[in-house]
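To keep things clear, I will list the structure first and then write my remarks on it.
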Amino acid sequence: MMQRALALAENGLWTATPNPRVGCVLAQGERIVGEGWHQAAGAPHAEANALAAAGGQARGATAFVTLEPCNHHGRTPPCAGALAHAGVTRVVAAARDPNPQAEGGGAALAAAGIRFEHGLLEDEARELNIGFFSRVTRGRPWVRLKIAATLDGRTALADGRSQWITGPEARLDGHRWRARACAILTGIGTVKADDPRLTVREVRTPRQPLRVVVDSRLEISAGARILDGGNTIVFCAQPGAAPQGVETITLPNSQGKVDLPRMLEELARRGVNELQVEAGFRLNGSLLREGCVDELLLYFNPSVLGDGAQGMFDLPSLATLEARPRLALRSVERVGEDLRIVARL
């Protein structure tokens, strides 16, 4: 039943932000009497949809829900009260809700005489909402750094050109990851070299992620394609004349660059759960040095460019091998002619 609830929650992978992706199954014994998932902020929660589907059959049922039912009035009424009112007698949650505004659902259920349990498939539920948990508990998004490279770790020619290193299957897969992100981040160097749009294409999605540019000296051109259609924020280190209608945020650090950790805090304040970085080796290196990267999404093409081409990270030389960043492999898969590696710091 919980596996079914998790599968339902995945329906909100591209739409639920900034809310968590949640699924719910109502069962009488081994028979499902109602199920639902949370589609978007402001829409009914998963529990409400499942209760509506079950009707009177919810009385005496067990609710399997991927996240602890909320106990507060937000855009929708509290789910803990709705479950109690419907006569549900047992609630099994995969994970507790880390949001302080929503906590207490389990206690409210117990106070109403409903048996409340949690921890079933908790790891899977947290993984599905890794960005939501990051934003709520750490005050910053989950940062996924996506890189397409050759087998010798080169991401672009010496002049910055990088389209296209990987094959069409890998690029499509990258768009699927882009679609689940709340925002896409790049640097002014990539904007100048490639003039990317950073929109989701070839994947059906009801929304486009926010686009974010790190541009310390505010050099972005009014004709840059990343500005098309709005929905773009530019972070700079010094105020200046930005293209008309473009939102800029000035966050300087002591070196006259954009303060990257504070940038992440600002994005979290705006409800960004997952941030996907698609930048050049300089910004990649800065993010890694400043502890702003949680996960690497790497696509390797079976080709080489040589030492004259640009690498993956602009990092200082290390004195010892022990000082190198260590990663934990999450998955290694073939995507078309390319190899996809997901690794975490």
7 Å from Cα along Cα→Cβ at both ASP314 and LYS192: what's the point-to-point distance in nm?
1.0 nm
A 1.4 Å probe over the protein heavy atoms gives the chain a carbon and sulfur accessible-area percentage of 49 percent
Taking only protein heavy atoms into account and a 1.4 Å probe, give the accessible area per residue of the chain in Å².
47 Å²
Test of understanding: what is the full-extension gain from ASP152 to GLN244, defined as 0.36 nm times their sequence separation minus their Cα-Cα distance?
29.0 nm
Backbone HN-Hα couplings from phi across the range 131-147 [Karplus 6.51/-1.76/1.60, Hz, Gly and Pro as x]
x, 4, 4, 5, 5, 6, 8, 10, x, 8, x, 7, 9, 10, 9, 9, 9
Backbone N within the range 306-345 under 18 Å of label point (7 Å from TRP164 Cα along the Cβ vector):
334-341
Suppose we look only past 25 Å in the calculated P(r) of the range 138-288. What percent of the Cα-Cα pairs does that tail hold?
25 percent
Debye intensity ratio I(q)/I(0), log10, the range 83-210, q values 0.14, 0.15, 0.21 Å⁻¹ (C-alpha model):
-0.81, -0.87, -1.26
In the neighbourhood of LEU318 defined by beta carbon distances under 14 Å, the net charge of the other residues (Lys, Arg +1; Asp, Glu -1) is +1
Under a crude label model (7 Å from the Cα following the beta-carbon direction), how far is ILE341 from GLU290 in nanometres?
2.6 nm
With θ taken as phi - 60° and the coefficients 6.51, -1.76 and 1.60, list the Karplus ³J(HN,Hα) couplings across the range 239-244 in order, rounded to whole Hz; mark glycine and proline as x.
x, x, 8, 8, x, 4
Give the relative contact order (percent, whole number) for the chain; include only Cα pairs under 8 Å separated by 6+ residues.
16 percent
If you project the alpha carbons of the range 217-316 onto their three principal axes, what span does each projection cover, largest first, in Å?
42, 30, 28
DSSP beta bridge pairing in the chain, given as percent antiparallel to the nearest 5:
40 percent
Once phi is turned into ³J(HN,Hα) by the Karplus curve 6.51 cos²θ - 1.76 cosθ + 1.60 with θ = phi - 60°, what whole-Hz value does each residue of the range 167-178 show in order, with x for glycine and proline?
x, x, 5, 5, 5, 5, 4, x, 5, 5, 5, 4
How charged is the neighbourhood of GLY306? Take every other residue with its Cβ under 13 Å from the Cβ of GLY306, and add Lys/Arg as +1 and Asp/Glu as -1.
-1
What number, in percent, do you get for the relative contact order of the range 81-181 if the mean sequence gap of Cα pairs under 8 Å and at least 6 apart is divided by its residue count?
20 percent
Can you compute the label reach from ALA107? Point 7 Å from Cα along the Cβ direction, backbone N cut-off under 16 Å, restricted to the range 76-96.
80-81, 96
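For the range 268-345, what's the relative contact order in percent, using C-alpha pairs closer than 8 Å and at least 6 residues apart?
After rounding, I find 36 percent.
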Summed over the other residues with a beta carbon less than 13 angstrom from that of GLU47, with K and R at +1 and D and E at -1, the charge totals -3
Using amide H atoms built in the peptide plane, which far-off residues or other-chain residues are under 5 Å from VAL33 H to H?
LEU26, ALA27, GLN28
For the chain, inverting the pair-averaged 1/r of distinct alpha-carbon atoms gives a Kirkwood value in Å of 21.7 Å
Sorted by chain and then number, the residues having a modelled amide H within less than 5 Å of the amide H of CYS292, at least 5 places away or on another chain, are none
Which residue fluctuates the most in the chain, going by a Gaussian network model with Cα springs under 10 Å, if the choices are GLU68, GLU117, GLU30?
GLU30
Separation between Cα centres of the range 89-113 and the range 182-216, rounded to whole Å
38 Å
Roughly how much of ARG340 is accessible, in Å² to the nearest 10, using a 1.4 Å probe?
20 Å²
Where is the GNM fluctuation largest for the chain (alpha-carbon springs, 10 angstrom cutoff): LEU296, LEU120, LEU83?
LEU120
Quick calc: nm separation of the 7 Å Cα→Cβ label points for ARG201 and ARG270 -> 2.3 nm
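The values are calculated or read from the model by the stated rules, or taken from the named source; none is laboratory data. Because the structure is predicted, anything quoted here is derived from the model rather than measured. Backbone-built Cβ (ideal geometry, glycine too); neighbour counts: all protein chains shown. SASA here: full protein model, heavy atoms, side chains in, ligands and nucleic acids out. Shrake-Rupley method; radii C 1.70, N 1.55, O 1.52, S 1.80 Å.
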